[in-house]
Structures are given as structure tokens and as C-alpha cells.
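Right, one structure below, let's go through it.
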Amino acid sequence: MSTQEKLQQMLEKTKVIKAAGGEKRVAKQHESGKLTARERINLLLDQDSFVEMDRFVEHRCVNFGQEKKYLPGDGVVTGYGTINGRLVFVFAQDFTVEGGSLGEMHSNKIVKVQQMALKMGAPIIGMNDSGGARIQEATDALAGFGRMFMQNTKSSGVIPQISAIMGPSAGGAVYSPALTDFIYMVKGTSKMFITGPEVVKSVTGEEVTQEALGGAITHNTKSGVADFATENDQDCLQQIRYLLSFLPNNSEEEPPVYASTDPVERMDASLNTIVPDDSNRPYDMYEVIKSIVDNGEYYEPHKTYATNIITCFARMEGKTIGIIANQPRIMAGCLDINASDKAARFIRFCDAFNIPLLNIVDVPGFLPGTNQEYGWHYPSRCQDAFRLLRSNGTKDYLSN
């Protein structure tokens, strides 16, 4: 075969790969209100900045008739590009190809960009839209999840890790996003759960819908697993771009600084009256935050979870800060377990990525009651354990 023929063959194969699962499946993806993997990447990154990696990778499974299937890109698109001129690494699962299911080569592609992001000290963004593990590949698929989790833990506190749940995400597919720094969900199309409604019903007898079990509103208001609930794919991707404007590339760098049009000497007379003389009267802490940050602009993770405390990013003199503030309008601003965990997680993130903290305090204390006394749990201690295991080894942690 001549060089020209090989080039032509490569171009034809590229055309097939970029067509993803084919016209019918792409049309079905659009009908369900979702973009395709490549459309998502193109919207997220700066125009024409995407460089695809491992485009021609194929699965090698020969069980259950898989050897007869051609899966373009093995159901995931990976690579790197820029957001506002800054390097980022991305992967987007392709639901039009075998339901975006994760197999051996699929996971290898993701692990490769995770490793490269860590090596280059650049943020990584994963767009998840997957039916979970590819059962035909059995333990090879499950081992792929394990390799991804390992990279998540290695990157924790070193580079920003952002997950966008943009379709179904069940079983092993939700564990990796849960290990990342921020999770975005899309109202109506995102689903996250360890087991689906049918399994829940068969085991516990409880009947629950997918939306109630693992929808965007559920995880943004009840579980606190997700940080942001967005209106659609486009809104989700634009919000990720905005979040990155507050964050550094890695733990060794400072967050970006922007020119500020908000005068340093600006006075705000409303601050004299926002806090009432009567300590029993509530007021809105958001009004305080708006009055002191640049242009009254802030960005709030966990906006609808543990609303008795506020955590948000903002800027002062163009520099990123993190804000933790009690909210007197909710439960008089009392702390409880959920609010404490929410604040602690935000503090850890800001500490890891060189973001100064502003703490605005108006709190009567910790919420009393048996629910709070009995409800103490372990997420903070577990995270400390993981850090010690990474740095000192299992023996050192157990000895503590």
C-alpha cells in the first residue's frame, strides 16, 4: 500500500470516528436534550484549540461477540486544549458508542490524560455520560475504574479536578467524579446513583424514580455530592469555564489576577444598616458579600445545600478569594453537621490551591439536638486518612 493510500485510509477512518455512533444515535442524543462528546469539548474549549489523543484506539475484547463490533474511539474522546488561553486536559464519554460504557481501552485513554494533566500541572475536566462498566469486558473494565481512582487520589490537592455529569452515571462510573473537586449536573438529564431504582426496589422494596434517587436537584440539595445544578449542557460548559477563571493551574501557582474596575476606596453606606441593631432579627448575608467584593460578583458551589452557611469564590482587587459566611436567614446561621462538612471541604480546597479565605462570622453556635449528637460521621477523618496513606504509608496511619 502506497503512502497516499495509507493517508486516504486514515482520513476515511477519521471521518467514521468523528461520526461517533452514527446519524441515528447522534439524533437520539440530541432528542434527549444532550450534546455529543465532541460538541461538548468544542463548546468547552477555546475555538480550534482541541488536540485529540488516541483517536484510533480500539477495544480488544473477543468475548460475547464483541470482536464483531467496531466502537469508534472505544466510546470516549480524550485530549487537551485551552480555556481562556490556559492549558487544560479533557475527556468526554460518548453515549452514542456502546452507551459510553467503560472498557479496558476506554479507561486507559482516560488514565493517560489524567497522568498527563498531573505531569503538566494543568486542570482536568471529565464529561461523564456512561452506562457504567462494559460487562462484556468483566474484570478488565472494573480494573480500569481502579486505575482511574488511583489517578484521582494522586491528583487530589495538586491540580483542580472537575467532573460534569451530563447523562447517566451509575455504579463504578460515579466513584471517580465523587473523588474530584467539583461536580456539575444538568437538570433533567443527569443521573448519579450507586444502584438504580430497579435494584433498590428488589433489595429494599422501596420504590423511587431515577430523578428522586440521583437527579441534579437531589444531589445539590439533599446529599451535597454535587456542587452545581445547571440548566442544560451549554450552561454547564460555560459555568465550568467561569469556575476556572477563579482557580490556579495547580497547587504550586497562584490564581489568575484580573484587572479590577472596582475602586479600592469605594464606600458602601448600606453596610451601616444591613446588620440590624436587634440581634434576633435576621438579615441576608449575600447583601454583605455583594457589597464588599469586586463588582458584587461571586460564584457559589453548594448553593442549595446546607444553606445556613455560604461558601463562594469572589475577587478583591482582581485577586481570587474564598468566602465562608454564616447565613442568619437560615436557622439563624447555626452550624450543623452538613454546614460544617461543607465549609471544611471548601477550606481544604482553598488551602491546597493558594486561595486566601475571608470568614464572615455571625453564628450563635452549633445546632443542639439528638440528630446532631448522633449524626457525627467520618468524611473529614477519611480524607485525612487518605492523605496520610499517600504520604506516609499504611503502617504510619494505623499507628496513629
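Taking all protein chains into account, the per residue accessible area for region 190-285 stands at 58 Å² (1.4 Å probe).
What the Cβ-Cβ distance of residue 245 and residue 362 gives, at R0 = 41 Å and to the nearest 0.05, is a FRET efficiency of 0.90. 3J(HN,Hα) along region 93-106: 6, 9, 5, 7, 10, 6, x, x, 5, 9, x, 4, 6, 4 Hz, from the Karplus curve 6.51 cos²θ - 1.76 cosθ + 1.60 with θ = phi - 60°, whole Hz, x for Gly and Pro.
Among the chymotrypsin sites (Phe, Trp or Tyr not before Pro) in region 58-148, those placed in a DSSP loop whose Cβ has at most 13 other Cβ atoms within 10 Å are 64, 70. Using heavy atoms of the protein chains and a probe of 1.4 Å, the accessible area assigned to residue 251 is about 30 Å². Considering only trypsin sites (Lys or Arg not before Pro) in DSSP loops that have at most 14 other Cβ atoms within 10 Å, the longest stretch of the chain without any of them is 70-265.
Counting other Cβ atoms within 10 Å of each Cβ, which GluC sites (Glu not before Pro) in region 260-301 have at most 13 and sit in a DSSP loop? Working shown, then result.
Details: sites: 265, 287, 297; in loops: 265, 297.
Counting only loop positions with at most 13 other Cβ atoms within 10 Å, the GluC sites (Glu not before Pro) in region 260-301 are 265, 297.
Of 77, 275, the residue with the largest accessible area leads and the full order is 275, 77 (1.4 Å probe). Near residue 358, the amide H atoms lying under 5 Å from its own belong to 322, 323, 324; only residues 5 or more places off or on other chains count, and H is placed 1.01 Å from N. Using only alpha-carbon positions in the chain, the gyration tensor eigenvalues give semi-axes of 40, 25, 21 Å once each is multiplied by 5 and square-rooted (largest first). Projecting label points 7 angstrom from Cα along Cα→Cβ for residue 4 and residue 223 puts them 5.7 nm apart. Annotation: amide H-H contacts under 5 Å for residue 79 (H modelled 1.01 Å from N, sequence separation of 5 or more, or interchain): 53, 90. Surface composition of the chain: carbon plus sulfur atoms hold 55% of the accessible area, using a 1.4 angstrom probe and ignoring ligands, DNA and RNA. These residues, 107, 223, 279, go from largest to smallest accessible area, 1.4 Å probe, as 279, 223, 107.
Note that region 107-117 has calculated 3J(HN,Hα) couplings of 5, 4, 5, 5, 4, 4, 6, 4, 5, 5, 4 Hz, one per residue in order, obtained from phi through the Karplus relation 6.51 cos²θ - 1.76 cosθ + 1.60 (θ = phi - 60°); glycine and proline are x. Computed about its Cα centre, the charge dipole of region 1-45 is approximately 140 debye, with only Lys, Arg, Asp and Glu carrying charge at their Cβ. Placing unit charges on the Cβ atoms only, positive for Lys and Arg and negative for Asp and Glu, gives region 112-159 a dipole magnitude near 220 debye about its Cα centre. The solvent-accessible area of residue 278, taken with every protein chain present and a 1.4 Å probe, is close to 70 Å². Dipole orientation for region 201-287: of the candidates 251, 217, 276, 217 has the Cα lying most toward the positive pole (charges on Cβ; Lys, Arg +1; Asp, Glu -1). Taking the dipole about the Cα centre of the chain, with the C-beta of Lys and Arg at +1 and of Asp and Glu at -1, give me whichever of 289, 32, 375 is farthest to the positive side. Toward the positive end, the furthest listed residue is 32. Phi angles of region 129-138 translate, via the Karplus equation with coefficients 6.51, -1.76, 1.60 and θ = phi - 60°, into HN-Hα couplings of 7, 9, x, x, 5, 7, 4, 5, 9, 6 Hz per residue; Gly and Pro are given as x.
Loop-located chymotrypsin sites (Phe, Trp or Tyr not before Pro) in region 346-377 (DSSP state not H, G, I, E or B) with no more than 13 neighbouring Cβ atoms inside 10 Å: 376. Selection among 192, 22, 82 by position relative to the dipole of the chain gives 22 as farthest towards the positive end (Cβ unit charges, Cα centre). Region 232-259 and region 184-224 have Cα centres spaced 28 Å apart.
Using the 1.4 Å probe convention, the accessible area of region 1-160 works out to 48 Å² per residue with neighbouring protein chains retained. With the cut-off at under 19 Å, measuring from each backbone N in region 304-322 to a point 7 Å along the Cα-to-Cβ line of residue 284 picks out 304-314. Computed with a 1.4 Å probe on the full set of protein chains, the accessible area for residue 57 sits at about 40 Å².
Stokes-Einstein diffusion for region 191-261 at 25 °C, viscosity 0.890 mPa s, with a Kirkwood radius from C-alpha pairs, works out to 163 µm²/s. The magnitude of the dipole of the chain, with charges of +1 and -1 set on the Cβ of Lys/Arg and Asp/Glu and taken from the Cα centre, is near 1200 debye.
The values are calculated or read from the model by the stated rules, or taken from the named source; none is laboratory data. As the structure is a computational prediction, the values presented were derived from the model and not from experiment. Neighbour counts run over all protein chains shown; Cβ positions are idealised from the backbone, glycine included. When the accessible area is computed, the model is the full protein with side chains, heavy atoms only, and any ligands, DNA or RNA have been set aside. Shrake-Rupley method; radii C 1.70, N 1.55, O 1.52, S 1.80 Å.
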